[in-house]
1. Based on the alpha-carbon gyration tensor of segment 69-141 and its eigenvalue square roots a ≥ b ≥ c, which shape applies: rounded if a/c is under 1.5, prolate if not and a/b is larger than b/c, or oblate?
2. If neighbour count is taken as other Cβ atoms inside 10 Å, put His60, His253, His168 in order from fewest to most.
3. Beyond a 29 Å Cα-Cα separation, which of these cross-linked pairs lie in this structure: Lys75/Lys219; Lys27/Lys228; Lys35/Lys150; Lys145/Lys233; Lys16/Lys75?
4. If neighbour count is taken as other Cβ atoms inside 10 Å, put Thr147, Thr34, Thr29 in order from fewest to most.
5. Counting Lys +1, Arg +1, Asp -1, Glu -1, what net charge surrounds Asp121 among other residues with beta carbon under 11 Å of its beta carbon?
6. Only Cα pairs within less than 10 Å get springs; with that Gaussian network setup on the chain, which residue of Ile169, Ile239, Ile156 has the largest fluctuation?
7. Calculate, in nm to one decimal, what Asn39 and His179 gain on full extension: separation in residues at 0.36 nm each, minus their alpha carbon distance.
8. So what is the relative contact order of the chain, in percent, for Cα pairs below 8 Å that sit 6 or more residues apart?
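Each value in this text was obtained by applying a stated rule to the coordinates, not by laboratory testing. No experiment lies behind these values; they were computed from the predicted model shown. Cβ: placed from backbone, ideal geometry, glycine included. Neighbour counts: every protein chain shown.
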Amino acid sequence: MTNWEQIDTYVRIWLKEARINIIDSFKKTLDIETKSDRNDLVTNIDKETESFFVNNIQEHFPDHHIIGEEGHGQKIDQTNGVLWIIDPIDGTVNFVHQQRNFAISIGIYENGKGKLGYIYDVVQDELYFVEAGKGAYFNEVPIPKLTDTKVEDAIIGINSSWIISNRHIPTANLHRLVHDSRATRSLGAASLEIAYVATGRLDAYIAMRLAPWDFAAGKLLIEELGGKLSTVKGEPLHILESGTVFVSNSGLHKEILDNYFLSIE
Ligand code: 2AM
Ligand code: CA
Ligand code: CA
Ligand code: CA
C-alpha cells in the first residue's frame, strides 16, 4: 500500500527546502544555457532543483518512477506504479528576468490515476495542492468548485505569440475570442496559469505546446474542482504526451470549443 500521507509530508518539506536554495540563488550569478532556441532557457538552478527532488525521491521511494523536464528522471513510456512528473522551475524565463512568477510543479500518479498535485509559487510562498477525490487547497484553504462564466465576462490566459501564428487554431478565430472576451493575460508559467484558472483569477488558459510536467499537477487541480482540460480540439489530454492544452470552467470550455475552436472562420 502506498503511504500517501508520508509522501505528502516529504513533498512539503522538500518544497520549502528548495525554496530556500532558489531564493538564495538570486544573490548569485546564474549559469544560463539555451535549449531548443535562444528563448528556451535552462539554468543551473533548474537542474539543481530537479536533482534535489530526484535524489530525495530515489532515497525514500526507490521503486517510484520519475519524469523531470531536465532529464534526470528515467525515460518513461508507461504509467505503471507510482510516477512523479516534475517541473523543477516552470517559468524559467520569468525566473531569470523577473525573479518571480515561476513555480515548482509536481504531479504524482499511480497506475495512470492522479493522486497528488503541487504547484508551488516559490517567491510568494503560495501552495496550490490537490489530493484527487479529497479536495483542492490554496495555502491550506479549500478552493471552491469552479462556476461557469461566459466569454464576454472572461479573462483568458494566452501567450500573444499564439495569436500571431500557430498550427492548431485559425488566428481569425483567436482574434474573435480576444475581441469578445473581457481581457487577456499572459503570466509565462503554465502551471501557475492553470492554478489561476483553479482559483478563478483566470477563466481560461490556452497553450499550443505544453509538456506533461507543465500540466501534470494542474490537471488534477482543475478536475478536482469540476473544470475541464482538453486539447484545443476538445480531445482528452494524455499524461505522457505533449501538445495543446485548453483549461477552463466547464461552461466556458464548451462555449469556446463550440464557438471559437471547432468552428471554421
Ligand atoms: P518552462 O519555463 O518550464 O520551460 C511559457 O509560456 C510556458 O510554457 C512556461 O510554462 C514554459 O515552461 C512553457 N514552455 C516554454 N517552452 C516550452 C516548450 N518548448 N515546450 C513546452 N513547454 C514550454
Ligand atoms: Ca523549459
Ligand atoms: Ca514548464
Ligand atoms: Ca521548467
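1. Working: a/c = 4.21, a/b = 1.25, b/c = 3.37.
Oblate is the answer for segment 69-141, as a/c is 1.5 or above yet b/c matches or exceeds a/b.
2. Sorted ascending by nearby Cβ count, the order is His60, His168, His253.
3. Lys27/Lys228; Lys35/Lys150
4. With the sparsest Cβ surroundings first, the list reads Thr29, Thr34, Thr147.
5. Result for the local shell: -1.
6. Among Ile169, Ile239, Ile156, the largest GNM mean-square fluctuation belongs to Ile169.
7. Numbers: separation 140, 0.36 × 140 = 50.40 nm, distance 2.81 nm.
Contour length minus Cα-Cα distance gives 47.6 nm.
8. Values: 530 pairs, mean separation 40.8, N = 265.
Relative contact order here is 15 percent.
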